[in-house]
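Colleague: Would you mind keeping the following structure in view while I ask a few things?
The values are calculated or read from the model by the stated rules, or taken from the named source; none is laboratory data. Please read these numbers as outputs of a predicted model, since none were measured by experiment. Cβ atoms come from the backbone with ideal geometry, glycine included; neighbour counts cover every protein chain shown.
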Amino acid sequence: MAFAIVLGACLVTTAIVLNISWIIHWREIVPLVLGIIFFGILIAGVVWNTIFLVREIRRNEQHDSFINAVTHELKTPVASIRLYLETLQSRNLDEAQRKKFYEIMLDDSDRLMTTVEQVLRASKVGHKRGQEHWQEIDLAELTDECVQVSRTRNHLSPDEMKIENHFVGQDESVVRGELDDLRTAITNLLENAVKYSPQQRQIKVVLISEGGQSLVRVADKGVGIPRSELKRIFKRFYRVPLRAIAKVKGTGLGLFIVRAIAERHGGSAWAESDGEGKGATVTIRLPRLRA
Ligand code: ADP
């Protein structure tokens, strides 16, 4: 990529130097005007070509990281399920051990399902869709439902994942949108808060109204996010290269999906953190039905 940018910059500079020297030599009005026009076209072409090259290189890099992340995320649970099935087939195990194996296999198949769903959803959010499936949604009810599911799935107590509802009345809580999409966005935030809090799980979900819009804010006391990465984490396939989370599984699609869904609903999504080890807060803002 650096080569493409340097080459582009060198070509632009050479074109400028050559063109100016030619135009100054000729000192005639027609070649001067034509020279300036062609010169403009030439420079625009070179700049466009450089931008195109850089974009293509980025897309290729993203493609590679996608293949790596997804292949790994698909292979690992399948390999694990296979191993447990082989053990069950070849050995006589007692009931307790069997039960444990079944639980692990169920967890692995859940993981597999989540990866497949994330990939399908990421390709779906890129397409233009109409609003035919939109409906009135009570954000407080939906968030509560997602929190219950996440607590059960991750074996969390109500103290480990708390919910604070500051909405006053239905007006602050009701938004219009696609139920499945908003459920996915909130679930992604909750699952990230759990995943990136390996030591102490102190997750707080706050529902609050601000400037006529409704906010769902998920705060954790986990590994945190370096300030320089706060914007990048919303890019497709981007994962923060932190040592503390090198073993945490993921595809880098979760927050990309969250932002795409928030924007599709006329809202936004952003992350805040005081840095590594200091926890993170990710917020989704959605316009209210009755602003
Ligand atoms: P994934 O979790 O599959 O890697 P995401 O798009 O959900 O993908 O997140 C992108 C990156 O943002 C993660 O790899 C992680 O580094 C960082 N991140 C997201 N949520 C949190 C959080 N709550 N705390 C710390 N880091 C986070």
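Colleague: So how many residues does segment 231-247 have that are more than 7 Å from the ligand (Cβ to nearest atom) and either closer than 26 Å to E178 by Cα or at pLDDT 85 or above (or both)?
Modeller: Of the residues in segment 231-247, 7 are more than 7 Å from the ligand (Cβ to nearest atom) and either closer than 26 Å to E178 by Cα or at pLDDT 85 or above (or both).
Colleague: Let me ask something else. Go through segment 180-208 residue by residue and tally those that are of a type in the set (K, R) and more than 13 Å from the ligand (Cβ to nearest atom).
Modeller: Count: 1.
Colleague: If you don't mind, another one. In segment 94-113, how many residues are surrounded by 15 or more Cβ atoms within 10 Å (Cβ to Cβ), under 29 Å from the mean Cα position of the chain (by Cα) and over 13 Å from T76 (Cα atoms)?
Modeller: 0
Colleague: Turning to a different aspect of this structure: Looking only at segment 150-170, count every residue that is in contact (Cβ under 8 Å) with a residue 24 or more places away in the chain and either part of a loop (DSSP other than H, G, I, E, B) or surrounded by 14 or more Cβ atoms within 10 Å (Cβ to Cβ) (or both) and tell me the total.
Modeller: Within segment 150-170, residues that are in contact (Cβ under 8 Å) with a residue 24 or more places away in the chain and either part of a loop (DSSP other than H, G, I, E, B) or surrounded by 14 or more Cβ atoms within 10 Å (Cβ to Cβ) (or both) number 12.
Colleague: With R58, R111, R82, R121 as the choices, which residue is assigned to a helix (DSSP H, G or I), at pLDDT 90 or above and of a type in the set (D, E, K, R)?
Modeller: R82
Per-residue answers, yes or no, for (1) closer than 27 Å to T152 by Cα; (2) of a type in the set (G, A, S):
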| position | (1), (2) |
| --- | --- |
| Q200 | yes, no |
| L207 | yes, no |
| G222 | yes, yes |
| I225 | yes, no |
| R236 | no, no |
| G267 | no, yes |
| R290 | no, no |
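Colleague: Would you say Q62 is touching a residue at least 40 places away in the same chain (Cβ under 8 Å), touching a Lys or Arg at 6+ places or on another chain (Cβ under 8 Å) and surrounded by fewer than 13 Cβ atoms within 10 Å (Cβ to Cβ)?
Modeller: no
Colleague: Follow-up. Which condition number does V54 fail, the rest of (1) closer than 27 Å to R153 by Cβ; (2) surrounded by 11 or more Cβ atoms within 10 Å (Cβ to Cβ); (3) of a type in the set (A, V, I, L, M) being met?
Modeller: (1)
Colleague: How do the strands (runs of 3 or more DSSP E) wholly within segment 174-291 filter down when requiring 3 or more residues that are surrounded by fewer than 18 Cβ atoms within 10 Å (Cβ to Cβ) and out of contact with any Pro (no Cβ under 6 Å at 6 or more places or on another chain): which remain?
Modeller: 203-210, 268-272
Colleague: Still on this structure, I have one more. Considering each of A219, A262 in turn, give the residue that is under 15 Å from the mean Cα position of the chain (by Cα), over 27 Å from T71 (Cα atoms) and more than 7 Å from the ligand (Cβ to nearest atom).
Modeller: A262 is the lone residue from the list that is under 15 Å from the mean Cα position of the chain (by Cα), over 27 Å from T71 (Cα atoms) and more than 7 Å from the ligand (Cβ to nearest atom).
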